[in-house]
Amino acid sequence: DAKTTQPPSMDCAEGRAANLPCNHSTISGNEYVYWYRQIHSQGPQYIIHGLKNNETNEMASLIITEDRKSSTLILPHATLRDTAVYYCIVRVGGANSKLTFGKGITLSVRP
Amino acid sequence: DAGVIQSPRHEVTEMGQEVTLRCKPISGHDYLFWYRQTMMRGLELLIYFNNNVPIDDSGMPEDRFSAKMPNASFSTLKIQPSEPRDSAVYFCASSLQGFYGYTFGSGTRLTVV
């Protein structure tokens, strides 16, 4: 699976949009981009995934660049409860490909 | 749906003792995963099952670790004998068809003294 690069941390103000970047310059055509987050002392939580089109659900939006070498997770109106470690993961499509977590990015939402 | 249920939430045991962690996946999910999380190594995949059959156990650290899934609604991860370096949070997760989002349990915090 392609490797991802995320900055170690970022912060944003409550109520503002949080834009979390991820680089995956070696991504292959059959690899998907997944985002999970882990709030302190809890298990990771699935947020969203995509292949090449932008995706949106009730939690977030995923913007993938046209060359697919990077993506951005957008939390449109961050709240204090969004403070967590966010993991960007690239994995091959298909049932038996592994979900491998890196270090992630720590998002701190400030009041 | 109650989600993925793990027990116990916390376990403290002495070195050399046997430890058994339990997991109940979401009903209807056909994939089950065991992960371990430590500060040093982050989240590591230990083993996963599809339809109760182990598919990949390459992440299991050594023979002291074993996992079973006797039926679709129950899995165990056993460590025997336990060592202090096994101290970690162990997460179980399940998924439908392995491709969609995984649902994780709340984890078992294991401390081996």
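The values are calculated or read from the model by the stated rules, or taken from the named source; none is laboratory data. From a predicted model like this one, the values you see are computed outputs, not experimental measurements. For neighbour counting, all protein chains shown are included, and Cβ atoms are generated from backbone atoms with ideal geometry for every residue, glycine included.
What is the one condition in (1) under 26 Å from B:Q37 (Cα atoms); (2) modelled with pLDDT of 95 or more that A:E14 does not satisfy?
(1)
Can you pull out the residues in the range B:55-95 that are under 12 Å from B:L110 (Cα atoms) and among the small types (G, A, S)?
Listed by number, the residues that qualify are B:S82, B:S87, B:A88.
Test B:V19 against the stated conditions and say whether it is of a type in the set (A, V, I, L, M), surrounded by 17 or more Cβ atoms within 10 Å (Cβ to Cβ), on the phi < 0 side of the Ramachandran plot and out of contact with any Phe, Trp or Tyr (no Cβ under 8 Å at 6 or more places or on another chain).
In short, yes.
Return yes or no: is B:R64 among the basic types (K, R) and within 12 Å of chain A (Cβ to nearest Cβ)?
So B:R64 does not fit the description; no.
Would you confirm, using the coordinates I've provided, whether B:S66 is more than 19 Å from A:N96 (Cβ to Cβ) and hydroxyl-bearing (S, T, Y)?
In short, yes.
If a residue counts only when it is touching a residue at least 60 places away in the same chain (Cβ under 8 Å), buried (at least 20 other Cβ atoms within 10 Å of the Cβ) and of a type in the set (V, I, T), which strands (runs of 3 or more DSSP E) contained entirely in the range B:31-113 have at least 1 such residues?
B:74-79, B:108-112
In the range B:64-113, which residues are under 13 Å from the mean Cα position of the chain (by Cα) and of a type in the set (F, W, Y)?
B:F65, B:F74, B:Y90, B:F91, B:F104
For residues that are outside any loop (DSSP other than H, G, I, E, B) and either within 13 Å of another protein chain (Cβ to nearest Cβ) or small (G, A, S) (or both), scanning just the range A:89-104, find the one that is surrounded by the most Cβ atoms within 10 Å (Cβ to Cβ).
Step by step, filter the range A:89-104, then rank; the result is A:I89.
When residues of the range A:57-83 are filtered for being of a type in the set (A, V, I, L, M) and under 17 Å from A:G15 (Cβ atoms), how many remain?
The number of residues fulfilling the criteria is 6.
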